[in-house]
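Take a look at the structure set out below.
The values are calculated or read from the model by the stated rules, or taken from the named source; none is laboratory data. Since we're looking at a predicted model, the values are computed, not measured. Because the Cβ atoms are built from the backbone with ideal geometry, glycine has one as well, and the counts that use them run over all protein chains shown.
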Amino acid sequence: MNLTLKIWRQKSAKDKGKIIDYAIGDVSPDMSFLEMLDVLNQDLIEKGEEPVAFDHDCREGICGSCSMFVNGQAHGPDSMVTVCQLHMRSFNDGDTIYIEPWRATAFPVIKDLIVDRSAFDRIQQAGGFISVNTSGNTQDANSIPIEKENADNAFDAATCIGCGACVASCKNSSAMLFVSAKVSQFALLPQGQVEATDRVMNMVKQMDDEGFGNCTNTGACEVECPKGISLENIARMNREYLSASFKG
Amino acid sequence: MSGILNSSIGRKFAMALSALFLMVFLLQHFAINILSVFSPDTFNDASHFMGTFWAVQYLLQPVLIFGVIFHFLMGFVLELKNNKARRVSYAKSNGGANSSWMSRNMLLTGLVVLAFMVLHFIDFWIPEINIKYIQGDMSGLMDPNVAESGFRYYEELVHKFQNPLRVGAYVLSFVLLSLHLLHGFNSAFQSVGANNKYTKGLKGFSKVYAIGIPLGFVFIALFHHFNH
Ligand code: HEM
Ligand code: SF4
Ligand code: FES
């Protein structure tokens, strides 16, 4: 396959940045999207040019670091995949492909396609945990009975990999899908109850302070989320938050 | 509880409450207006009751005015904040792949509804307030000195809908209101945290409401335009 790539290039956080066109030939449909970029980068290095910087680690859809907005969609056109699991067979010979970094004020660009997602870490630190004493006498988790449906829903919420595709897809750069997954994961389990009120208040406050937008319920996040995190989590977070604020 | 409007979820909650109130009001407004098609006398009686009953005039009307103003001001606030959350936009964005046009254009459809409301206030509300509270005529009669002249409400409605431009503006606005509600109805429930086993059924009902009610208003306008 022969492709035209339109890639966002930006030297540093301060640089203005712009889209640059690259022609690439001999792309196999079996390559993953990142392998295709590896080939491009090899070319660039051989020509003495600066390779395209992008985040990646596991390349199997679990670390959530490969943040790329491909042809107007987070992680490209396929559903339920991260960009490392996207294959070139999803494109046609002669296609033009736009590759851009996540766009959100709370996710500033560091270089080319790499953005700073530490805002998510700070939201997690604000309450995405439970406090337990692990000094040797931890009881077996299975000794606390949990309703099957709650256990399943908590597990589903816990599959969020913190990739940020929800923020990138949302027209408001809202982080509600991510935060609601992290809130739900604990709100549904008995171990999460003790700190439930503070957790939701603190995490939402941190989310707002980071400068993420408000939810308009467009549902774009749910469609683009590689892990299929459901909007029901946002409704749950809204309930948790509202009842926590009325409690005072 | 303090400062709930300072949080993203609190703002959305307040937005949804004002919207839910507006949707109940719209239903009630429709129920009265549709009477004008079937029975001008009943329409007149209902209008007179609404226009003079103290609880409607001094309790519900102020709440409604507050609700409308709050709703569109908060709409602007949210839009402003959301724009700030993404200062650099994408060179290529394919919103249609993951969300409906209605959900992405609530401000646009809302602004057309706002423009309509200005026209609507000039047409009906301001003249009524003028007659009732400035001229002090609470009789509701066409000629306050002649009891037999009958109520004025139906005549005024018919008269206003003679102008094809006004009817055109009404039709257009209600189409946009329908688009606003096609997203907004369900959105409001999600905002207050209601997403459960009833949500699917509610989605069906929301289509009936969001298309049916605006269409009903369009029907009333066209009916009076072509029948008099
Ligand atoms: C006066 C002009 C209006 C403007 C400028 C306006 C604007 C908006 C905006 C911008 C939103 C989206 C807020 C967000 O980002 O989530 C919205 C939501 C909504 N609007 Fe309006 N609107 C208007 C009138 C109305 C009317 C008359 C109704 C109902 C009869 C209505 C019903 C709704 C509903 C149900 C929602 C969804 C609330 C939610 O998502 O929680 N709006 N409006
Ligand atoms: S909710 Fe989905 S899209 Fe958002 S960070 Fe988690 S896995 Fe990524
Ligand atoms: S590189 Fe780990 S999810 Fe894509």
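Could you please let me know if residue B:177 is more than 19 Å from residue B:37 (Cα to Cα), aliphatic (A, V, I, L, M) and touching a residue at least 24 places away in the same chain (Cβ under 8 Å)? Quick ask: steps written out before the conclusion?
Values: more than 19 Å from residue B:37 (Cα to Cα): yes; aliphatic (A, V, I, L, M): yes; touching a residue at least 24 places away in the same chain (Cβ under 8 Å): yes.
Answer is yes for this residue.
I'd like to verify a number: residues in the range B:42-54 that are surrounded by fewer than 17 Cβ atoms within 10 Å (Cβ to Cβ) and either aliphatic (A, V, I, L, M) or touching a residue at least 60 places away in the same chain (Cβ under 8 Å) (or both), how many?
Going through the range B:42-54, the residues surrounded by fewer than 17 Cβ atoms within 10 Å (Cβ to Cβ) turn out to be B:42, B:45, B:49-50, B:52-54.
Checking the rest, the ones that are also either aliphatic (A, V, I, L, M) or touching a residue at least 60 places away in the same chain (Cβ under 8 Å) (or both) come to B:45, B:50, B:52.
Here the count works out to 3.
Name the single residue, out of those in the range A:159-180 being of a type in the set (A, V, I, L, M, F, W, C) and away from ligand 3 (no atom under 16 Å from the Cβ), that is farthest from residue A:217 (Cα to Cα). Steps first, please.
Pass one, the range A:159-180, residues of a type in the set (A, V, I, L, M, F, W, C): A:160-161, A:163, A:165-168, A:170, A:175-179.
Those still in the list that are away from ligand 3 (no atom under 16 Å from the Cβ) too: A:170, A:175-177, A:179.
Numbers: A:170: 9, A:175: 12, A:176: 10, A:177: 10, A:179: 15 Å.
Restricting to residues being of a type in the set (A, V, I, L, M, F, W, C) and away from ligand 3 (no atom under 16 Å from the Cβ), the top hit is A:179.
Out of (1) more than 12 Å from the chain's Cα centre (by Cα); (2) over 19 Å from residue A:73 (Cβ atoms), what's the single condition that is false for residue A:113?
The single condition residue A:113 does not satisfy is (2).
Does residue A:112 qualify as being at pLDDT 95 or above, at positive phi and either surrounded by 12 or more Cβ atoms within 10 Å (Cβ to Cβ) or out of contact with any Pro (no Cβ under 8 Å at 6 or more places or on another chain) (or both)?
Working: at pLDDT 95 or above: yes; at positive phi: yes; either surrounded by 12 or more Cβ atoms within 10 Å (Cβ to Cβ) or out of contact with any Pro (no Cβ under 8 Å at 6 or more places or on another chain) (or both): yes.
Considered against the rule, which asks whether it is at pLDDT 95 or above, at positive phi and either surrounded by 12 or more Cβ atoms within 10 Å (Cβ to Cβ) or out of contact with any Pro (no Cβ under 8 Å at 6 or more places or on another chain) (or both), residue A:112 comes out as yes.
Are there any pairs with C-beta distances below 8 angstrom linking a residue in the range A:158-169 that is away from chain B (no Cβ under 14 Å) and of a type in the set (D, E, K, R) to a residue that is more than 6 Å from ligand 2 (Cβ to nearest atom) and in a helix (DSSP H, G or I), with the two at least 6 apart or on different chains, and if so which?
none
Given the options B:161, B:151, name the one that is in contact with a Leu (Cβ under 7 Å, 6 or more places away or on another chain), in contact (Cβ under 8 Å) with a residue 60 or more places away in the chain, buried (at least 17 other Cβ atoms within 10 Å of the Cβ) and at negative phi. Lay out the reasoning, then the answer.
Working: B:161 fails: in contact with a Leu (Cβ under 7 Å, 6 or more places away or on another chain).
Result of the check over B:161, B:151: B:151.
Looking at A:246, A:178, can you tell me which residue is aromatic (Phe, Trp, Tyr) and either within 16 Å of ligand 1 (Cβ to nearest atom) or surrounded by fewer than 19 Cβ atoms within 10 Å (Cβ to Cβ) (or both)?
Numbers: A:178 fails: either within 16 Å of ligand 1 (Cβ to nearest atom) or surrounded by fewer than 19 Cβ atoms within 10 Å (Cβ to Cβ) (or both).
Criteria check complete, one pass: A:246.
Looking at A:173, A:184, can you tell me which residue is in a loop (DSSP other than H, G, I, E, B), surrounded by 19 or more Cβ atoms within 10 Å (Cβ to Cβ) and within 13 Å of ligand 2 (Cβ to nearest atom)? Walk me through it before giving the result.
Numbers: A:184 fails: in a loop (DSSP other than H, G, I, E, B).
Answer to the check: A:173.
If you go through the range A:45-87 one residue at a time, how many are within 6 Å of ligand 3 (Cβ to nearest atom), touching a Leu at 6+ places or on another chain (Cβ under 6 Å) and within 21 Å of residue A:108 (Cβ to Cβ)?
1
Considering each of B:94, B:6, B:83, B:98 in turn, give the residue that is within 12 Å of another protein chain (Cβ to nearest Cβ) and loosely packed, with under 15 Cβ neighbours inside 10 Å.
B:6
Checking the conditions here, which among B:121, B:116 is in a helix (DSSP H, G or I), closer than 27 Å to residue B:39 by Cβ and modelled with pLDDT of 95 or more?
On the way: B:121 fails: modelled with pLDDT of 95 or more.
Answer to the selection: B:116.
Which numbered condition in (1) touching a His at 6+ places or on another chain (Cβ under 7 Å); (2) surrounded by fewer than 18 Cβ atoms within 10 Å (Cβ to Cβ); (3) of a type in the set (S, T, N, Q) is the only one that residue B:39 fails?
The one condition residue B:39 does not meet is (1).
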